[in-house]
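Worksheet for the structure shown next.
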Amino acid sequence: MEHTRGLITVISGPSGTGKGTLIAGLMDIDKDIHYAISATTREMRSGEAEGISYYFKSREEFDDLISRGEVLEWDEFCGNRYGTLRSELKSRIEAKQDVILDLTVKGAMAIKKAFPDDSVSVFVLPPSIAELERRIRGRKRETEKQLSARIAEAEKEILSVGRFDYVIVSDSITEAPVRLKWIIDAERQKMIRNEDILQRMGF
Ligand code: 5GP
């Protein structure tokens, strides 16, 4: 159903919880969701592409975007900067499109504060700590030092789950995206996003 205001869904959760897989699974079953691409100073990994995974920036370019007011929120994670671009979000929301973001907890809280009525926050938890560690180590694309930093950061992030509107346990690659879609569909039916419903129906 069409709605009058776009919805911003913010996904957070420690690295290794399968946020990327969850978002990809959602986008497969919900064609009305647009992924907002962030800017980052992190190096491009194999399999990633400019303007698809991220907008890859040098530190100077990133800081320049911040000083020009083009970054809605940003955070530092494992020594790199990541930020949500105003241009990615504003045009979508104005076009009444629904957007999904993958952010750190700090980023998620900043978006919730900036868009209190137009955002919903979802925290993704791994089935267990042991499974989380197994998934992070299983990626094998980083050094031991980087992996240990990610595991420590992950355990810290999990303690923030209570600040989110919803929680999803990433226990199944088929069912978790469906549960996320239920959340988004319920939010789409909210009165605040359908204030002109009678008008649209010709009453
Ligand atoms: P990765 O290096 O694995 O792609 O991302 C590391 C972390 O940065 C993830 O937890 C992801 O949610 C977060 N992240 C990605 N883009 C943004 C952003 O624009 N803002 C914030 N605050 N966090 C982001």
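The values are calculated or read from the model by the stated rules, or taken from the named source; none is laboratory data. Everything numeric in this text was worked out from a predicted model, so none of it was measured. Cβ: placed from backbone, ideal geometry, glycine included. Neighbour counts: every protein chain shown. Surface areas here come from the heavy atoms of the whole protein model, side chains and all, with no ligands, DNA or RNA. Shrake-Rupley method; radii C 1.70, N 1.55, O 1.52, S 1.80 Å.
Points worth noting:
- With eigenvalues of the C-alpha gyration tensor scaled by 5 and rooted, the chain, Å: 29, 21, 14
- Gaussian network model of the chain, springs between alpha carbon atoms under 10 Å - residue of Leu159, Leu132, Leu22 with greatest fluctuation: Leu159
- Added length on full extension, which subtracts the Cα-Cα distance from 0.36 nm per residue, Ile29 to Arg134: 35.0 nm
- Note on the chain: with a GNM built from Cα contacts shorter than 10 Å, the maximum mean-square fluctuation among Arg81, Arg179, Arg45 falls on Arg45.
- Each Lys or Arg adds one and each Asp or Glu subtracts one; over the other residues with Cβ under 9 Å from the Cβ of Asp30, this totals -2.
- Other residues within the sphere of radius under 13 Å centred on the Cβ of Val178, judged by their own Cβ, net out at -3 (K and R +1, D and E -1).
- Gaussian network model of the chain, Cα within-10 Å springs - most flexible of Ile168, Ile23, Ile192: Ile192
- Within the chain, percent of DSSP bridges classed antiparallel, to nearest 5: 30
- Per residue, in Å², the accessible surface of the chain once ligands and nucleic acids are set aside, probe 1.4 Å: 53
- Dividing the convex hull volume of the alpha-carbon atoms in the stretch 82-121 by its residue count gives 68 Å³ per residue.
- Long-range HN-HN contacts of Ile100 with modeled amide H, under 5 Å: Thr9, His34, Tyr35, Ala36
- Positive-end residue, the stretch 8-191 charge dipole about Cα centroid, Cβ charges, pick of Gly107, Ala49, Pro126: Pro126
- Taking only the C-alpha atoms of the stretch 36-115, Rg followed by Dmax gives 12.3, 35 Å.
- Expressed as a whole percent, the accessible area of the chain that falls on carbon and sulfur atoms is 54 (1.4 Å probe).
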